[in-house]
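Have a look at the structure below before the remarks.
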Amino acid sequence: MVLEMIFAKYNYIIYITLMTIGFYGMIGKRNLIKKLIGMSIFQYSIFLFYVSAADVSGGTAPILLKEPAVYVNPLPHVLILTAIVVAVSTLAVGLSLVIRIYREYGTLDEDKILELSK
Amino acid sequence: MRRYLAILSCFIFWAILVYGVPDLPAIGDPEAPANKHVAPRYIERSYEESGVPNIVTAILTNYRGYDTLGETIVIFTAGISVMLLLRRREK
Amino acid sequence: MKAAPVSNDIILRTGASIMVPVILLWGFYVLVHGAIGPGGGFQAGVILAAGFILYTTAFGLKEAKKILSVKLLMVIASTGLFIYTGVGVLAIIFGGNFLEYGVIPIGETPAEASKYGIEMVEIGIGLTVMAIMLSIFYDIVLKEKGG
């Protein structure tokens with residue numbers, strides 16, 4: 001029964017695994033750039049989750065055709081289109097903060113920065 | 001020590017999320033709650049209300065136009081904050 | 001010390017000079033076809049910015065700043081936001097709600113007016129996204145020395 005569930009809903013397992021990888025990057029790594037990479041992986045796993053929730057089997061892209069057709073759900077696409085832009089913005093601001101920190105302290109290691117800032 | 005703690009909490013996180021998977025709809029299910037709520041109305045009415053065949057564009061700029069305005073302001077603000085953080089006066 | 005020479009790679013330069021116009025043209029295509037096909041303001045802005053970034057990597061930051069200076073980029077970004085909010089305020093002037101395109105008297109039916117409003121808004125989004133992406137790239141890119 002467990003195997004059946006894994007085969008039917010394998011996509012969710014993939015997203016959860018990706019999300020956990022990103023979570024580990026955020027809490028387990030000490031390098032600030034690696035933390036940002038983990039944050040990005042976390043965000044993109046959520047995007048994949050939303051886009052897969054939009055899927056309707058046999059549906060086409062949500063652009064109206066002349067003849068009637070089955071369309072996938074357009075709303076998650078819109079939400080993710082805006083969420084990707086927010087992800088890019090947060091990544092840009094985060095990277096520029098990291099660049100400033102590197103200019104000030106000469107290192108990207110979290111513990112060293114905390115020590116130096118005392 | 002910290003690394004083992006991180007791995008342990010990641011494993012707990014993974015297990016809690018996987019525990020919820022059986023309740024989620026299967027991929028491509030047309031009866032899923034996400035596909036039943038407002039999406040059919042958008043697909044039926046968006047052409048006569050917005051005049052564009054691309055439903056994603058119609059929702060993005062017509063139904064959720066205020067949201068997208070906020071979105072554009074977010075990237076504008078991000079660009080300005082990157083500028084404030086990194087730009088040095090050129091002499 | 002003199003500034004480091006920009007890339008002398010002839011393959012990169014020739015490839016870029018062929019590819020950049022095509023990329024920009026495709027970006028404009030995606031921008032104006034956002035209403036009837038796959039595409040839209042966000043995607044087109046990123047494609048246009050990618051074309052300029054390719055130009056910058058091939059010919060150097062100085063050459064790129066001659067075409068699109070930092071000041072001009074901020075003007076473009078503000079113009080994009082101004083177009084967006086301007087369309088919204090225009091709808092208020094004609095007696096509708098903010099961003100209610102249907103009341104603007106440019107088409108015969110509200111749906112047609114809404115189509116033109118959507119196109120204008122897409123162009124505004126595209127301009128802002130392109131300018132901000134390029135501005136972020138200009139700021140993050142490594143300076144030659146002492147950056």
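Overview of results
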| quantity | calculated |
| --- | --- |
| Single condition B:Val38 does not satisfy, out of (1) facing chain A (nearest Cβ under 8 Å); (2) touching a Gly at 6+ places or on another chain (Cβ under 7 Å) | (2) |
| Filter result for B:Leu69 (under 23 Å from the mean Cα position of the chain (by Cα), closer than 30 Å to C:Gly102 by Cβ and more than 10 Å from chain A (Cβ to nearest Cβ)) | yes |
| Number of the exception - B:Arg87 against (1) open to solvent by 70 Å² or more (accessible area, probe 1.4 Å); (2) closer than 30 Å to C:Ile118 by Cα; (3) more than 9 Å from chain A (Cβ to nearest Cβ) | (2) |
| Lone qualifier among C:Leu72, C:Leu81 - being more than 12 Å from every other protein chain (Cβ to nearest Cβ) and at pLDDT 90 or above | C:Leu72 |
| Test: residue in region C:33-44 that is part of a helix (DSSP H, G or I) and either open to solvent by 70 Å² or more (accessible area, probe 1.4 Å) or in contact with a Cys (Cβ under 7 Å, 6 or more places away or on another chain) (or both) | no |
| Selection count where residues are open to solvent by 20 Å² or more (accessible area, probe 1.4 Å), more than 8 Å from chain B (Cβ to nearest Cβ) and either within 16 Å of the chain's Cα centre (by Cα) or closer than 16 Å to C:Gly39 by Cα (or both), scope region A:66-93 | 4 |
| Hits in region A:27-45 (condition: at the interface with chain B (Cβ under 9 Å from one of its Cβ atoms) and part of a helix (DSSP H, G or I)) | A:Ile27, A:Gly28 |
| Residues satisfying the stated conditions in region C:84-99, i.e. open to solvent by 50 Å² or more (accessible area, probe 1.4 Å), within 12 Å of chain B (Cβ to nearest Cβ) and not in a helix (DSSP H, G or I) | C:Asn97, C:Phe98 |
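The values are calculated or read from the model by the stated rules, or taken from the named source; none is laboratory data. Computed from a prediction, not measured in an experiment: that's the story for all the values here. Here the Cβ is made from the backbone with ideal geometry for all residues, glycine too, and neighbour counts use every protein chain on show. In case anyone asks, the SASA skips ligands and DNA or RNA and just uses the protein heavy atoms, side chains included. Shrake-Rupley method; radii C 1.70, N 1.55, O 1.52, S 1.80 Å.
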